[in-house]
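Derivation of every value follows stated rules applied to the coordinates shown; laboratory data play no part. None of the values given here were measured: they were computed from a predicted structure. Every residue, glycine as well, gets a Cβ built from its backbone with ideal geometry; the counts of neighbours run over all protein chains shown.
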Amino acid sequence: MLSLKNISTTHRKRPLCNLSAELESGKIYTILGRTGAGKTELLRIVMGLDDIADGHLELDGQNLADRPVRLRQMSMVYQQFINYPHLTVVQNVAFPLRRQGFSRADAHDRAMAALALVGLAGFEHRMPPELSGGQQQRVAIARAIVKKARILLMDEPLANLDYKLREKLREEFPRLLAENADGIILYSTTEPAEAMQLGHEMIVMHEGCILAMGAPADIFENPATVEVAKLVSDPPVSICHGEIANGQLMLAGTALPEGAGLVLKGDGPIQVGIRPDALSIGGDMPAKVVLAEFSGSDTIVHLSLEFGAAVMLLEGIHEFKTDQSIQVSLDTSTLLLFSAEGKNITERRSNG
C-alpha cells in the first residue's frame, strides 16, 4: 500500500495542495488532468525527486520521506526519453540491473525480454542516436520495466508513439502487474479515453488538487463536479446555465421535456451538463454550426444554441458548413445537473 497523507508542496510551477490517497498493490492508477494539473509533480514527489513541504508519504506503513531515491524500489519513465548515448540499446536497458548486482548474462537476458515486450527485438546492438524518437522512448520504457520495481511511475510515456504501438503497450501493462503482484503502476495522461481504458482506478487532478478518485466508469457516470465532468469526457461535456422552476428544467427560458428518470428538486439557478452524444440531428431545437471537424469515424460539431454553446458527436462522416442553420434534438435523460457552485446534484428515479 502506497499512502499519501495530506501532502503539500511549494513547487514553483504547480504546487500540490493537501493530497491524500491510498494506492493498493496490484493495481494500475491512471492520473488524468490537463497540462499543468500537477500530475508530473505528484510522480516526482513519490519518486523522491522533489521535497514534500507538509504531509506524509508511506509505503506499507514505512515513511519514505528520508529514503533516498535509489532505495525506494521505484522506476520512472518520462514523456521526454532519457537514454545513455554511449551505450547500445541492450546495454541501456541492462544498465540498472548491472548496478543492482545482476550478472552480465542475467542482465542481458532480462533486457532482451524487455526489448521484445516493447517491440524492439533486433535493435539491441544499435546506438540510441540511430533510432527514431519513438524507438528511443521505447528503450526508456524497457529500461524502467526491466527492474520489476515495486512502483512504476509513468509520465505520459506513450504520447510520442504511434497509435498501434500505444495500443500494444497498453495491453502489456496488466501483464506487468501479473508478474509482480505487489506492484503499483501510476500512469499520467491528458487523454480521458486512455485513463479510463487503462486504469483499475482513476485519479482526476486539476490545479494541484485531486478532484476525484475511483473506478473510471463510476467517475464518468457520476462526476462529482463540473470540472470533473469536463475532464473525463472527450469531446468534453458542454456546460450551460439553466434553472429549475416549478418542477421544470428551463434553458434560456424554455422548458425542456422531462428527462426519463431525472429528478428535479427545488427552484433556482443550476448548471446543466450536456454530453456530446445527447445531441442529434433532427428535432425542433434550432442551432447554428460554428465548426465541424472529423475525428476518426466520428464528426464533432460545435453548435451555437439559444441557451449557449454545445458540442455534438455524430457517428460517421457528416458535412456541415460554417454558420449553417440546422435542427437538433436533445436527449434529456442523459443530462447532468450541477449546483450554481458546480457540485453534482443529479438524481434519477430508480426503475423499481
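Observations
- Rounded to the nearest 20, the size of the Cβ-charge dipole of the range 238-339 about its Cα centre is 160 debye, with Lys and Arg at +1 and Asp and Glu at -1.
- Per-selection metrics, the range 213-263 (Cα): Rg and Dmax in Å: 13.4, 37
- Note: relative contact order over the range 48-139, using C-alpha pairs below 8 Å and six or more positions apart, is 29 percent.
- Extreme residue, positive dipole direction of the chain, given options Thr190, Val290, Val77 (C-beta unit charges): Val77
- Annotation: extensible slack from Ala65 through Ala309 equals 83.1 nm (criterion: 0.36 nm per residue apart, minus Cα-Cα distance).
- 4 °C / 1.567 mPa s Stokes-Einstein diffusion coefficient of the range 191-325, Kirkwood radius on C-alpha pairs, µm²/s: 78 µm²/s
- Cβ crowding within 10 Å averaged over residues, with 154-166, 59-71 ranked highest first: 154-166, 59-71
- Per-residue ³J(HN,Hα) for the range 224-230, Karplus 6.51 cos²θ - 1.76 cosθ + 1.60, θ = phi - 60°, Hz, x for Gly and Pro: 5, 9, 4, 5, 5, 4, 5
- Taking only the alpha carbons of the range 251-352, we obtain Rg and Dmax values of 14.8, 46 Å in that order.
- Angle in degrees between helix 89-99 and the longest Cα principal axis of the chain, rounded to the nearest 10: 70 degrees
- Percent RCO, i.e. relative contact order, over the chain, from Cα pairs under 8 Å lying at least 6 residues apart: 16 percent
- Alpha carbon convex hull of the range 142-249, projected area averaged over orientations, nm²: 9.0 nm²
- Around the Cα centre of the chain, unit charges on the Cβ atoms of Lys, Arg, Asp and Glu (plus for the first two, minus for the last two) sum to a dipole of about 1500 debye.
- Intensity falloff of the range 1-153 expressed as log10 I(q)/I(0), Debye formula with alpha-carbon point scatterers, at q = 0.19 Å⁻¹: -1.14
- Cβ-to-Cβ counts within 10 Å put Phe123, Phe338 in ascending order as Phe123, Phe338, the fewest first.
- The chain - mean residue ellipticity at 222 nm from DSSP helices (-39,500 (n - 2.57) per run, n ≥ 4, rounded to 500): -7000 deg cm²/dmol
- Around the amide H of Tyr187, modelled in the peptide plane, lie the amide H atoms of Tyr29, Thr30, Ile31, Met154, all under 5 Å away and 5 or more residues distant in sequence or on another chain.
- Other residues within the sphere of radius under 9 Å centred on the Cβ of Arg44, judged by their own Cβ, net out at -3 (K and R +1, D and E -1).
- Options Leu335, Ser3, Gly199, ranked by Cα towards positive dipole end of the chain, top entry (Cβ charges): Ser3
- Computed on the chain, the Cα convex hull volume stands at 175 Å³ per residue.
- Counting only DSSP beta bridges whose two residues both lie in the chain, roughly 75 percent are antiparallel.
- The equivalent ellipsoid that matches the C-alpha gyration tensor of the range 1-74 spans semi-axes of 18, 15, 12 angstrom, in descending order.
- Span from the the range 325-350 Cα centroid across to the the range 222-300 one, whole angstrom: 5 Å
- Considering only alpha-carbon pairs that sit under 8 angstrom and 6 or more positions apart, the relative contact order computed for the range 116-257 is 14 percent.
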